[in-house]
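There's a structure below that I have some questions on.
Taken together, the values in this text are just the output of simple stated rules run on the coordinates, not laboratory data. The shown structure was predicted, so the numbers you read here are calculated from the model rather than taken from an experiment. Backbone-built Cβ (ideal geometry, glycine too); neighbour counts: all protein chains shown.
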Amino acid sequence: MLNYNGQHLLEELIPKSISRTNIDEKTQLIVVDNASTDNSVAWMSSNFPNVPLLQLDKNYGFTGGYNKSLECIEAAFFVLLSSDVEVEKNWLTPLIDRLKSNSRIAACQPKVLSYYQRDSFEYAGASGGFIDALGMPFCRGRIFNTIEKDVGQYDNAIEIKWASGCCFAIKSEAWKKMRGFDEDFFAHMEEVDLCWRLNGLGFSIFVEPKSVVYHMGGETLNYNHPKKLYLNYRNNYAMLLKNQMALILVLLLPFRFIVDILAAFYFMSKNGPLAFVAVFKAQVHFLLRFSHWLKTRKKVIRKRSKIKYIYSEKSIALAYFLGNKKQFSQLERKIG
């Protein structure tokens, strides 16, 4: 569990995580503190002295915080759990069982419901992540800002394209093979990038809805915050450049830049001028570091390949805004 200035979250959720998890000689909860400036470390040491606490020397972000801490941990499976996630009782076993069921399954996420509206999916992950031909992520249960109620419609375990960073289990050998998250991302989109790289080596990602967690969402950074918008767009471009086939990129990146500027005007109408600035700044910063991302592309430990889609909609934006397909169940599944 990675923490940064989240004492209030630790106070509320650590007791629940411990009581609802079968912690034994084979299972351990470890809290990693990303150089918090609040009273998180003192509170943990005072209230849960038996829970291992790793203290980092500075805030390495979501990506670096997990990378540096997991270098110090030996285990067959790693489970990354955000500090703003409440777990259901016996949530862990279904995830590990799913990973054990097939040697090609590298990572698995639970069903992610909203902490505040517990009959609804949560934005970050819902019941499994997918990605369209333009590199835009969406979820089974959440497309753009349309979030579905959970009535059991997505309770089957299926292969997905990416697992939510708020909570997922991964085989340690797969994590180490990929060298964890790309630390240049700092936060946001890093789990999509990791899963794309895993897919490229023939590994599968699954969602296991028998496991249920509740995500607060936006506790570290509000979903509408310009910085979050900036990181999402910048990292999305970087992810595409790293992982997508070269011939596709030649057309895709210029097209995305045009489409995203149009989207930025929409964001501005909804959230003010800073939202537009965030998208424009993401594009500028990506271009300024283009040579760096090209070097990163060469280091990616995988074969770059075109994403394999199981749904016919090449653009989730067109399906959503023009096709009026607001729910995942309305998307057309490919045959064969």
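Taking the mean number of other Cβ atoms within 10 Å as a proxy for protection, how do you rank 195-206, 49-60, 150-161 from highest to lowest?
Ranked by mean Cβ neighbours within 10 Å, highest first: 195-206, 150-161, 49-60.
So what's the back-of-envelope 222 nm ellipticity for the chain, counting only DSSP H runs of four-plus at -39500 (n - 2.57) apiece and dividing by all residues, rounded to 500?
-12500 deg cm²/dmol
Using +1 on the beta carbon of Lys and Arg, -1 on that of Asp and Glu, and nothing else charged, what's the dipole of the chain about the Cα centre, debye to 20?
Using only the charged Cβ atoms, the result is roughly 1640 debye.
Per the Debye formula with a single identical scatterer at each Cα and no solvent contribution, what log10 I(q)/I(0) holds for region 162-208 at q = 0.16, 0.19, 0.22 Å⁻¹?
The calculated log intensity ratios at q = 0.16, 0.19, 0.22 Å⁻¹ are -0.39, -0.55, -0.75.
Same structure again: Between GLN244, GLN117, GLN109, where does the largest GNM mean-square fluctuation fall for the chain, given springs only between Cα atoms within less than 10 Å?
GLN117
Can you give the translational diffusion coefficient of region 1-96 in µm²/s, computed by Stokes-Einstein from the Kirkwood radius over Cα pairs at 4 °C and 1.567 mPa s?
The diffusion coefficient I find is 94 µm²/s.
If neighbour count is taken as other Cβ atoms inside 10 Å, put ARG289, ARG256, ARG333, ARG104 in order from fewest to most.
Lowest to highest Cβ neighbour count: ARG333, ARG104, ARG289, ARG256.
Within the set of other residues whose C-beta is less than 11 Å from the C-beta of LYS295, count the net charge using Lys and Arg as +1 and Asp and Glu as -1.
Result for the local shell: +4.
Using the beta-carbon distance between ILE23 and LYS326 and R0 = 45 Å, what value does 1/(1 + (r/R0)^6) give for FRET efficiency, to the nearest 0.05?
Efficiency at R0 = 45 Å is approximately 0.65.
Ranking request for peptides 261-268, 173-180, 62-69: highest mean number of other beta-carbon atoms within 10 Å first, then the rest in descending order.
In descending order of packing, they fall as 62-69, 173-180, 261-268.
Any idea what angle helix 190-200 forms with the longest principal axis of the chain, computed on alpha-carbon atoms, 0 to 90 degrees, nearest 10?
Taking Cα atoms only, the helix is inclined about 70 degrees.
Would you list the P(r) distribution for region 91-131, with all Cα-Cα distances sorted into 5 Å bins from 0 and each bin expressed as a whole %?
5, 21, 22, 22, 17, 9, 3, 0
Once you keep just the Cα pairs under 8 angstrom separated by 6 or more residues, what percentage relative contact order results for region 2-215?
This gives 26 percent for region 2-215.
Another question, if that's okay. Above 38 angstrom, tally the Cα pairs of the chain and express them as a % of all pairs, no decimals.
Summing the P(r) tail past 38 Å for the chain gives 11 percent.
Quick one: give the max-minus-min coordinate of the C-alpha atoms of region 226-305 along each principal axis, largest first, in Å.
Sorted from largest, the Cα extents of region 226-305 read 40, 21, 18 Å.
Extent of region 72-217 along each principal axis, from alpha carbon coordinates, in Å, largest to smallest?
37, 37, 26
Going through region 80-134, which chymotrypsin sites (Phe, Trp or Tyr not before Pro) have at most 16 other Cβ atoms within 10 Å and a DSSP loop state?
TYR116
Regarding region 72-144, what are the three Cα extents along the principal axes, ordered largest first, in Å?
Computed over the Cα atoms, the extents are 37, 32, 26 Å.
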